[in-house]
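The structure appears right after this line, and notes come after that.
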Ligand code: COA
Ligand code: AMP
């Protein structure tokens, strides 16, 4: 019999401003260790948090959906302009209109929340028209309740390290992007961080895999966010949000991790061969 699983989630803030969040899905015997790790993560930020909330919830009878992580490739763009045009090209390949892709960039760069700042979650955007469909534009929608199995975590750490990706953010973003890529109605995701010093971002989809761009914004820029592009014809927003927030997902097998290549190579090679794409649809 499988041991009971728990969702362990940490969220830390300073004066109500979010500074750190992370989560795991583990068996009961691992809870103590994971709480320690997540708390240490919260305390390791430059600003010491004045509030750390750790929630531990049994998944009860829910059996996590098992997924294989998206294939990973880095397109080595020299600057944010090249990142923008590369990311738009990849989005167009997944069927997102140029209009919606450009609009997503404009909105994230401006600050996607109506108050002018970053949102607390992701936008849901019509892949054709660019219309925003998330229920609250300040908050957006957050993907949650996902993790790597112990074995897959070791495997992905090894393979990401082999291609020079050692930051835990990449592993966590890849897990989130994998859950999102399998969401009902989602065509692709666009993301870059709101941390001023972290310029990398990605486009992810089942079709293309996780396509990482080391530069999607200039250093010092505090704007960032996520966009989940959806096919409106096949969309049930309630079901989508329920899957993203609540459906537990364990990544139990890993996709391929490829070394960085130039935009020219990426766009030439991936046109002719599926070797650079997700090819698991
Ligand atoms: N930005 C700003 N505020 C945030 C936030 C974020 N990214 N995440 C959480 N908060 C704050 C909000 O005030 C939120 O209230 P809201 O629902 O009105 O927005 C409050 O914390 C509670 O959030 P909630 O999601 O209900 O808490 P939780 O304990 O269930 O989960 C997280 C918190 C942070 C673990 C979860 O939301 C999450 O983002 N998980 C994914 C983490 C991850 O691996 N990210 C990959 C990064 S590369
Ligand atoms: P981060 O990757 O943590 O730097 O977050 C970048 C942006 O993604 C944030 O500004 C939020 O808008 C959004 N975001 C953060 N967490 C989530 C999540 N769990 N699901 C969806 N969007 C998120």
Given the conditions (1) surrounded by fewer than 16 Cβ atoms within 10 Å (Cβ to Cβ); (2) touching a strand residue (DSSP E or B) at 6+ places or on another chain (Cβ under 6 Å); (3) at pLDDT 95 or above; (4) part of a loop (DSSP other than H, G, I, E, B), every one holds for residue 63 apart from (2)
Looking across the range 102-124 at residues that are closer than 23 Å to residue 77 by Cα and under 17 Å from the mean Cα position of the chain (by Cα), the single one that is surrounded by the most Cβ atoms within 10 Å (Cβ to Cβ) is 104
Residue hits (the range 22-58; over 22 Å from the mean Cα position of the chain (by Cα) and in a loop (DSSP other than H, G, I, E, B)) are 46, 47, 48, 49, 50
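The values are calculated or read from the model by the stated rules, or taken from the named source; none is laboratory data. Computed from a predicted structure; not experimentally measured. Backbone-built Cβ (ideal geometry, glycine too); neighbour counts: all protein chains shown.
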